[in-house]
Amino acid sequence: MALLLAAGLTGTGATAAQATATARTDTVRAVPGGVGGHLPTRDRTGLAQADDILVQLKAIPGMQVTEKTSTLPGYRWFWLTYRQPVDHHDPKGKWFEQRIMLQHKSADRPMVLYTSGYNTPETMFTSEPTSLIDGNQISVEYRYFTPSRPEPADWTKDTIWQAATDEHRLIGALKKIYKARWISTGASKGGMTAVYHKRFYPRDVDGSVVYVAPNDVDNDQDRAYDRFFQTVGTDPQCRAHVKALAREILKRRPAMLARFKDAAAKNGWTFGILKTPDRAFENSVMDYEWAFWQYSLQSDCPALPAVDASDDALYGSLDAISGLSFYTDQGLAQYIPYFYQAGTQLGWPTPQFTHLRPLLRYESSYQPRTYVPADIPMRFDRGKAMRDIDRWVREHGSRLLFVYGGNDPWGSEPFRLGKGSRDSAVLTAPGMNHSGRLIARLDADDKADAIADLQRWADVKPGARALTAPPADDVLQLQRPPL
């Protein structure tokens with residue numbers, strides 16, 4: 001849905017992707033190949049020597065380390081948990097364990113801090129900046145996403161400053177080992193996370209590559225989204241067809257609901273948060289147009305069903321694009337930490353569904369409060385946090401590269417630079433969607449500039465790394481439903 005900054009397939013595709021990722025990581029292994037295929041340094045007893053990265057990681061106070069079999073040549077793979085205060089203002093209070101995935105190449109290579117803004121992926125992958133600078137990479141799980149959640153959960157500590165301070169403490173610990181340059185990156189909510197961290201701790205990293213990150217400074221002014229849907233792409237017929245399909249799906253509500261209820265019964269889906277399957281169905285339809293442009297390209301339009309297609313075809317299209325399972329209790333549960341933040345600090349989009357009226361029954365439910373259990377209190381800060389972030393980017397932001405897809409609805413309210421911004425840029429990949437790999441899709445001159453800036457920030461020689469297809473991608477980009 002438009003309220004969840006996430007990418008992915010839905011339905012059975014998500015399940016299959018998750019199962020594949022789990023299968024890859026279930027086997028714990030203590031001795032994978034090291035850098036360049038070499039084994040870790042060991043003495044005559046077979047024990048790792050003190051200069052081995054495993055030993056150094058274990059020596060960090062509060063750090064637990066498990067090494068697993070690497071699936072990427074030249075890297076060693078570590079699953080880390082790091083003790084963090086629930087409230088960084090009160091380090092004598094309760095603590096929790098935050099999960100981190102480390103892909104180690106060499107301690108003298110740059111480090112890329114990858115933030116998903118959600119769970120951390122349980123598979124090896126390389127972000128686009130990691131590939132471009134041939135660096136190490138850590139993937140940090142955002143606080144309050146399980147298993148990185150304090151128990152019991154004090155939701156008032158699920159804030160952007162607390163999360164930024166999690167990353168600040170972790171970086172401070174790891175910089176004792178990784179002393180070369182640091183680059184932060186992330187897409188969507190992960191990109192927002194990278195910006196917020198840099199606002200509070202600007203000296204932690206040497207540059208940030210921020211993909212498709214919205215900047216909702218004024219939560220009450222969302223007309224930019226309506227303008228986007230009126231003009232997106234270069235094919236008016238495609239725009240009109242997507243709108244018409246959503247409307248036709250609503251017209252066939254009884255047939256769609258019958259199929260949805262059958263799927264819920266087969267899969268054990270429940271509706272305690274949204275109350276009824278009808279409300280869950282309608283929220284999915286309100287997502288249809290947004291989700292199409294967020295995850296598809298204009299070239300995918302011919303594959304959409306005709307407006308007069310069968311009920312099964314329309315239901316299949318709704319499920320494939322919006323992900324009907326997402327608005328069940330089982331789909332919403334893992335994203336409660338995001339919806340809590342959206343409803344307290346981040347803000348949320350409120351497009352006008354004029355093409356769906358008067359067929360809508362629950363239009364007012366399209367907001368974060370709906371998706372957070374009623375027993376968790378929420379109060380929006382009226383944009384205070386986002387105005388502070390926006391002001392910092394314009395007046396003090398430096399070494400920030402913002403990259404957007406030209407056909408991505410989240411780019412309707414982008415970050416913008418100001419007179420105080422230094423060594424920064426905002427670039428757009430024409431015709432692209434909500435992707436976390438957009439440098440390769442930029443126009444030639446913009447791509448060359450972006451790569452040169454990144455390599456300069458990372459202190460990597462120009463031209464040292466070609467922009468090639470990555471050996472692996474963030475599996476969460478396949479798992480998350482399109483909201």
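The values are calculated or read from the model by the stated rules, or taken from the named source; none is laboratory data. As the structure is a prediction and not an experimental result, all values here were calculated from the model. Accessible surface is based on the protein model in full, side chains and every heavy atom, while ligands, DNA and RNA are left aside. Shrake-Rupley method; radii C 1.70, N 1.55, O 1.52, S 1.80 Å.
In table form, for the structure just shown:
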read-out: Per residue accessible area in Å² of the stretch 326-445, where ligands, DNA and RNA are left out and the probe is 1.4 Å; value: 42 Å²
read-out: Sequence-separation-based contact order of the chain, relative, with Cα cut under 8 Å and 6+ spacing, percent; value: 22 percent
read-out: Heavy-atom surface of the stretch 240-310, accessible at 1.4 Å and reported per residue (Å²); value: 41 Å²
read-out: Solvent-accessible area, 1.4 Å probe, carbon plus sulfur percent, for the chain; value: 51 percent
read-out: Whether the stretch 132-212 is rounded, prolate or oblate, judged on the alpha carbon gyration tensor where a/c under 1.5 counts as rounded; value: prolate
read-out: Cα-based reach from Lys94 at 26 Å (exclusive), listing lysines while leaving out same-chain residues under 8 positions away; value: Lys58, Lys157, Lys175, Lys176, Lys198
read-out: Distant alpha-carbon pairs in the stretch 325-416 (separation over 18 angstrom), percent; value: 62 percent
read-out: Helix 12-25 vs. the chain, principal-axis angle (Cα, 0 to 90°, nearest 10); value: 10 degrees
read-out: Share, in percent, of DSSP beta bridges within the chain that are antiparallel, nearest 5; value: 50 percent
read-out: Estimated translational D of the chain in µm²/s (Stokes, Kirkwood radius over Cα pairs; 20 °C; 1.002 mPa s); value: 92 µm²/s
read-out: Angle in degrees between helix 444-457 and the longest Cα principal axis of the chain, rounded to the nearest 10; value: 40 degrees
